[in-house]
Amino acid sequence: MQLIRQLMQLQAEHGYLSNDVLRELSERRGVPLYRLEELVSFYSHFRRTPPADRIVHICRDVCCEMRDKKSRDEFIAGQMDSIAVGETHEVSCLGRCDAAPAVAVDDQPTGGGSGLSGGVVRRNAQADPYAGQSDRYGTVRQLADDIGTLKSVCVDRLTAAGLKGMGGAGFPTGKKWELVAAASLNPPVIDDFALFDEDAKHPRKYVICNADESEPGTFKDREILSLMPHLVIEGMLLAGLTVGADRGILFIRHEYGPERERFEEELLRAREGGVLGSDAAGSGRAFDIEVFVSPGGYILGEETALLECLEDKRGEPRNKPPFPGQRGLWGQPTLINNVETFALAASIIHHGPDWWHAQGTGGCSGLKFVCISGDIAEPGVFEIPVGTTVLELIEMAGGMRNGKSLKAFLPGGASSNFLPADKAGTPLDLDAIRAAGSMLGTGAVIVFDETRELFPLAANLVAFFRNESCGKCVPCRVGSQRAVELLQAASAGPANALGSGQVPLTQTLDELNETLEQTSICGLGQVALHPIVSMLRHFSDEAPG
Amino acid sequence: MTMAILANPATIKVTIDSREVEVPEGTTLWEAARRAGVEIPVLCHAPQLNPVGVCRMCVVDVGERVLAASCVRECQAGMTVATNSEKVEQHRRTLTWLLLSEYPEQEDRQPSADACELEGLGRRYGIVKEGGIRNGEFGKDGFAPHSEFPIPISKFDLSSPVIAVDHAACILCDRCIRACDDVQNNHVIGRTGKGHAARIAFDLDQPMGESTCVSCGECAAVCPTDALTHKPITLPIVPDERTTTTETVCPYCGVGCSLTVHSRDNQILLAEGHESPVNHGRLCVKGRYGWDYAQHPQRLTKPLIRRDDAYPKGPLSSDVAGNTGGRGSRRAGERDGSKPGGIVDYDEVLPAFSEASWEEALDLVGERLRAIRDEHGSGALAGFGSAKCSNEEAYLFQKLIRAGFGTNNVDHCTRLCHASSVAALMETIGGGAVTNIFADVQNADVCLVAGSHSTANHPVAATFIKEAARRGTKLIVVDVRRHELARFATHFAQIKPGSDVAFYNAVMHVLIAEDLVDHEFIQQRTEGFDDLKQLVLRDFSPEQASAICGIEPDEIRAIARTIGGAKRQADSPSARDSQPSTLDSPLPRMLIFWGMGIAQHSHGTDNARCLISLCLMTGNVGKPGTGLHPLRGQNNVQGASDAGLIPIVYPDYQAVGDSSARAKFEAAWGRELDPQPGLTVVEIMSGALTKDIRGMYILGENPFLSDPNANKVRKSLSSLDFLVVQDIFLTETAEFADVILPATSYFEKDGTYTNTDRRVQLGRKILDPPGDARADWQIICDVATQVGLPMSYESPAAIFEEFAGLTKNYGGLSHANLGPTGKLWPCADPQAGDGTQILFGDRFPTSSGKGKFVPCGYLPAAELPDDEYPLVLNTGRILEHWHTGSMTRRSKALDAIKPSAFAKLHPSDLAELGLDDRQMVRVASRRGEIELQAIADRSIEPGCVFIPFHFREASANLLTNDVLDPYGKIPEYKYCAVRVEAVDGE
């Protein structure tokens, strides 16, 4: 953390990272030059050339690609009017799909002329037991007297509620907390990276909140952080006391500046109130949370890539096993959940599993934060009872934009499989969506109306994964690139197709997809071709030629 | 991350391709399969590297949702593994296709001796067909290979003189990164960029040749494709059935790395490291790329006799003459863009000699040496042997001088490097060799590196030191220069030049004052502690010493507490398990390395005594992870000393003054021997000036460049009545010769060489000598016969037998039983054993059996800076060159990397002197002056200048002070006063 923070600090001071600045840092810290090169060339936040007077980032991913860009371009032209030198960069998803086409000016999100819609979660107030109250953290205060009881209450309630991780993989939360609680500390890791970091020398457990949601269509954690940071903090604290960690880290994407500020304000309040600190919530145990701002990249949402980043390495996912619960940050048992999981965990521990089960609908349990974007009238974040169908969600969000009808949707973000409109009656539930042939993933629903050509959109999604591949393993690094080339050639027409035409495009893609699924190190490579393969499965006539 | 296997691991059973295999817990599937005889294809892994699992070629089916990379997946009890199912093979084929889809065709790649592993897989999967042509198919269908190279830089990086980089042929297996990091510990290569744009990069993405790369070549050695290849130096590096390989030992430094040499048509084309206890397959730039000197056109091929018109004798080339006019014209050449300096111009020197037959030359040598002996006595003759030659040759040479010439005036360059260390070691612990091998640093809690720029001078040994530091050994570096090891150090103390005694005495002061000493060891194994204690407690408090050495008192305390204090933290299992628990040891285990920074002072013996005292008081001798290790400079400086190339001792350190030893050698050699100790190197040179020495035989040494105060050496060499020089080139010293005898290079003869660890290893004949050149041992026999000591041996093995038979430490060893990796002396069981790693576990071979503390007060250097000469000159070596450069400057690769002389100063000093970086400057001392380029370097202490001594055109030894240490008789190369100024007109 120290080295990346130092690099960010130096960039803030100098505007960019020159060779001189890096050489000076290398000498001062005794860090080899190549390690600095590895970091500054990997993370999108770092720049090696002097910045322009104004830097505009525009999102190139699917939700923004689908929108008319005229007003955005006028807005940008206005931004550039008054300054001498401006730069415009196309970047990956900014997490403002509800304000598509999204724009950030000098790292500050703007509505691109259309205004930001953040700060609203429709049907809010069920999950947050403290909604409308100024007195918070009652759950942990009440349990903190007796750590033994706290542990068993937390694990038991989460297990009984059946809460599964909301980051996409769906690992049972109670089980994870229990495993990390039971894990013993490992001898300190001794390697080049650990040598440079004091933390590495002192074995301790960690609780990490993954607030790095960066997948196109995904922005629900953003609103949770903004509207109920106290619930995330309480969830992390309960986890810390349960697993025996005294350090919590919020790993947040750098594009979430306003949300980070909200969270930090709440952190201050929690410390002032004695909820965090040397005697956290009166437990007699220390626990505090620090905020680490991601230097950029979708891959960091992969939990072991996130850990590598925290260890000042390139955010390249680790081979698993071992899993973070056994060997996480600096080789120590580490509990990682995402923002929503911590918030919902706090809620479940407060209300109990029976309450949780009662929140669902149609035979499902619990609540879920989902975000909807694409061809929808009122994109945004919704807190829904699990079991709500996609159609119902579309209704809540004001229906399809311009009264068009639904053609297809992604139920769980860019990495979930396309489903056709006739599956829109599927409840937004882990198992139900899986049964329908996709996954709930990040709970990001993207809808496409009848007028959409799906091939270029699916190709755009594959390009996103290619762009965000860390490049560590061969199948993902080379396979995603080959796939993009194949799709580009196919859209340019059969004359330009890379293949000789003997084997259909779909078969080549299927074979490539299978190898990526089977041999990639992490989820990114495993799903990189899912958008195109699943789209063609349902809409084979969308293939060019 | 580490794959090491625990000390007594439980074993587990797994089923691999229906075979049940039992392996220790923690074994990877790949390793388990390998042990079971199942080869799983892999590109990113090699057994000496930590696995990373990035190529995914080694995936296997363990019955999970997705396949597992076997190189990183640990075996779990009961696992059932399919390594070559149809599914697995299908995915391997696709992966191979993916990589080949952007891999350049053979004609667009660099040539390489090794078969490309990726193409091998391509053949296996039918993607690459006969003749290396790719069929371009994927599945049953084909699409054209990737057309546009995605990396926005040029495909080739040919900036390194020795390694070609082809980014297009790189598959990002990261083997080179780990070779650079984990094997060589150089930390230069990494990945830059992300995703499909990722590629390897050097430092901050510099061209390789402009980066901090030290050209060790380990990256090219491990590269599975043609992305990193060795550039050809002599012949094209391509597979050729006429190429043969020979296992030998590196001809350069005292580390003695094992070398596999590939040769064809009587030429070497490639050298590689191979597994041995010394270097574990690692090499440095000299060993890997510096062997072509043997094939240099300037090799001497015929005996040469000085022509009558070349008398009176004197230097021939303008550089050796000190004729600035000559150098001035070369500088003018530099402005034209041609290279200044460089090796001798034979056109300047050869006309002074005429070619002769061996008979003529040897007759003349015999006649002239006999005449001097008869007229002026044996004492008027002297010989310098060579630490570059074999044990056999060293033994024969001293035998010739002692029994043939009749004098003990025989010495060699050990006098110039570790004479003071040996004097101190002999005096205090009764043995001059290392007490433990360098690789045992892995078991040390603390490692002190004192006055040793190991990364330049013992590069492969330094990799072990760096590796230990990365695994938790606390490294203490004490030096006047902030060299590369400082980056790995827990403590780095940049002491003032010449202040070692004060610094180490203060460290001992703290150890004693804070009771961090090993009382039991002191009491049982040593004597003289009280005198030392009294001295250091009285005169060397950290505050007192700080005023001399410039290190803050608290830092001195911190260093002492590291030496005497806490044991190292938990470590990687592999470092732990090789060593039984040492919980019974009261203090951390410490190994001390030292080099010329300690030895080459007028109080060098005192410096070494302090290090020995430090080791003794902390009980750090005779146990694993402890010891005293003066790193030896030349490949056979240990062996040459063992063989008796020292004026005061016969082979195996048997004193010439000891009548029983003398009787033994008189009986063996059949001649009466001189009981008087002989003169040392610098004394012999002075003796030539006073005509006490009149005739000399110099074998493979180059005192004109290596001895201090070259202006005096020039006069000395010119004064000799007769000088015969035996060498492979016409060296600067040979310019003063009456007769020059053409010898063989290292690669042209068999012989044994003893490395810094005391390991005796066989060097092998690979090439036939050029022209009439003869093996050194044969020439010695010829000369001996001429002076009345008939000598004839069948082979070097026979000479070794005679030598070993006269010693205790080499007793039992023979060419036949040394085996492929040699033996450490002494070796109790020469047939089966590897020899003795650690000396003095029970007692010291001193008269009392105890180690002796010798207290030393602080003495300043002999010549201190003043207004006229305000800076301190420090001389030494650099990585790419060796000694007087006669070999390395004739190596294309090494010369290309470091072609010219330079003086390094701290940028603040340069600024104060009004000089620019890279400007030509004149450096002058009371004895001479040279002109060379100034380089700003922050590793140099302000007030100091560093100049390497390899460069004849700016010989550092024109400046150095020939004052000697009274015990070791070593000159003070590391300290004299100089002035630096702009060269007129620059």
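Kirkwood analysis of the Cα pair distances in the protein assembly as shown returns a hydrodynamic radius of 36.0 Å.
The trypsin sites (Lys or Arg not before Pro) of the stretch B:21-82 meeting both criteria, a DSSP state outside H, G, I, E and B (loop) and at most 14 other C-beta atoms within 10 angstrom of the site's C-beta, are B:65.
Only helical runs count toward this figure. For chain B, summing -39,500 (n - 2.57) over DSSP H runs of n ≥ 4 and dividing by all residues gives -7500 deg cm²/dmol at 222 nm. Any chance you could give the angle, 0 to 90 degrees and rounded to 10, that helix B:419-429 forms with the longest Cα principal axis of chain B? Relative to chain B, helix B:419-429 is tipped by roughly 80 degrees.
Take the stretch A:133-353, drop everything but the C-alpha atoms, weight them equally and run the Debye formula without solvent; then report log10 I(q)/I(0) at 0.11, 0.13, 0.16, 0.18 Å⁻¹ to two decimals. For the stretch A:133-353, the Cα-only Debye profile gives -0.48, -0.68, -1.07, -1.39. Expressed as a whole percent, the accessible area of the stretch A:133-353 that falls on carbon and sulfur atoms is 51 (1.4 Å probe). Summed over both chains, the contact between B and A buries some 4900 Å² of accessible surface at a probe radius of 1.4 Å. Shown for chain B: the carbon plus sulfur share of the solvent-accessible area, taken with all protein chains present and a 1.4 angstrom probe, equals 49%. Of the two radii for the stretch A:454-542, the radius of gyration is 0.94 times the Kirkwood radius, both from the alpha carbons; that is the Rg over Rh value. In the stretch A:360-449, taking the dipole from charged Cβ atoms about the Cα centre, the farthest positive-side position among A:419, A:370, A:442 is held by A:419. Over all pairs of different C-alpha atoms, the stretch B:198-271 has a mean inverse distance whose reciprocal, the Kirkwood radius, equals 14.5 Å. Measuring spread by the Cα atoms of the stretch B:441-563 yields a radius of gyration and Dmax of 15.0, 41 Å. Measuring max minus min along each principal axis, the C-alpha atoms of the stretch B:882-970 give extents of 40, 36, 23 Å (largest first). Among the residues of A:38-44, the average count of other protein chain beta-carbon atoms within 10 Å of the residue beta-carbon is 5. Computed over the stretch A:54-110, the quotient of the alpha carbon radius of gyration and 2.2 N^0.38 Å is 1.04. Cross-link partners for residue A:404 among the lysines, with Cα-Cα distance under 29 Å and sequence neighbours closer than 8 places in the same chain left out: A:69, A:70, A:220, A:368, A:423. Among the listed pairs B:749/B:892; A:320/B:87; B:664/B:715, those whose Cα-Cα separation exceeds 30 Å are B:664/B:715. Under the simplified labelling scheme, the residue B:828-residue B:798 pair shows an inter-label distance of 3.4 nm, with each label point 7 Å from Cα along Cα→Cβ. Measure off, as a whole percent, the carbon and sulfur share of the 1.4 Å-probe accessible area of the stretch A:454-542, all protein chains present. Result for the stretch A:454-542: 49 percent of the exposed heavy-atom area is carbon or sulfur.
With Cα atoms as the point set, the stretch A:360-449 shows a radius of gyration and Dmax of 11.4, 33 Å.
Aspartates and glutamates within cross-link reach of residue B:313: Cα-Cα under 12 Å, excluding same-chain residues under 8 positions apart? List returned: B:721, B:735, B:738. So which chymotrypsin sites (Phe, Trp or Tyr not before Pro) in the stretch A:229-268 end up in coil per DSSP with only 10 or fewer other C-beta atoms within 10 Å? Answer by residue number: there is no such site. Summary value for chain B: 14 percent relative contact order, contacts being C-alpha pairs under 8 angstrom separated by 6+ residues. Diffusion coefficient (Stokes-Einstein, Kirkwood radius over C-alpha pairs, 10 °C, 1.306 mPa s) for chain B: 53 µm²/s, rounded to a whole number. Relative contact order, whole percent, for the stretch B:1-108 stands at 28, derived from Cα pairs under 8 Å and 6 or more residues apart.
Just round it to a whole percent: the fraction of Cα-Cα distances in chain A exceeding 32 Å. Of the Cα pairs, 44 percent sit more than 32 Å apart. Accessible surface area normalised per residue over the protein assembly as shown is 33 Å², counting heavy atoms of protein chains with a 1.4 Å rolling probe.
Coupling constants for the stretch A:8-13 follow from the phi torsions by the Karplus curve (6.51 cos²θ - 1.76 cosθ + 1.60, θ = phi - 60°), and in residue order they are 5, 4, 5, 5, 4, 6 Hz; glycine and proline get x. Interface burial in the stretch B:198-223, defined as at least 50 Å² less accessible area with all protein chains than with the chain alone at a 1.4 Å probe, covers B:203, B:204.
Within the stretch A:2-42, the percentage of alpha carbon pairs spaced more than 13 angstrom apart rounds to 46%.
Our summary gives the stretch A:54-110 a relative contact order of 58 percent, counting only alpha carbon pairs under 8 angstrom and 6 or more residues apart. Write out the GluC sites (Glu not before Pro) in the stretch B:73-126 meeting two conditions: DSSP loop, and at most 16 other Cβ atoms within 10 Å of their Cβ. Filter output for the stretch B:73-126: B:105. Scaled against the 2.2 N^0.38 Å expected of a compact globular protein of N residues, the Cα radius of gyration of the stretch A:388-545 reads 1.05.
Using Cβ point charges alone (K and R +1, D and E -1), the dipole size of the protein assembly as shown about the Cα centre works out to roughly 1380 debye. The H on the amide N of residue A:380, modeled in the peptide plane, is under 5 Å from the matching H of A:372, each at least 5 residues off or on a different chain. For the stretch B:445-490, heavy-atom accessible area (probe 1.4 Å) falls by no less than 30 Å² from the chain alone to the full protein assembly at B:470, B:487.
The values are calculated or read from the model by the stated rules, or taken from the named source; none is laboratory data. Keep in mind that what you see is a predicted model, and the values were worked out from it rather than measured. Cβ atoms come from the backbone with ideal geometry, glycine included; neighbour counts cover every protein chain shown. To get the accessible areas, we keep the full protein, side chains included, count just its heavy atoms, and leave off ligands, DNA and RNA. Shrake-Rupley method; radii C 1.70, N 1.55, O 1.52, S 1.80 Å.
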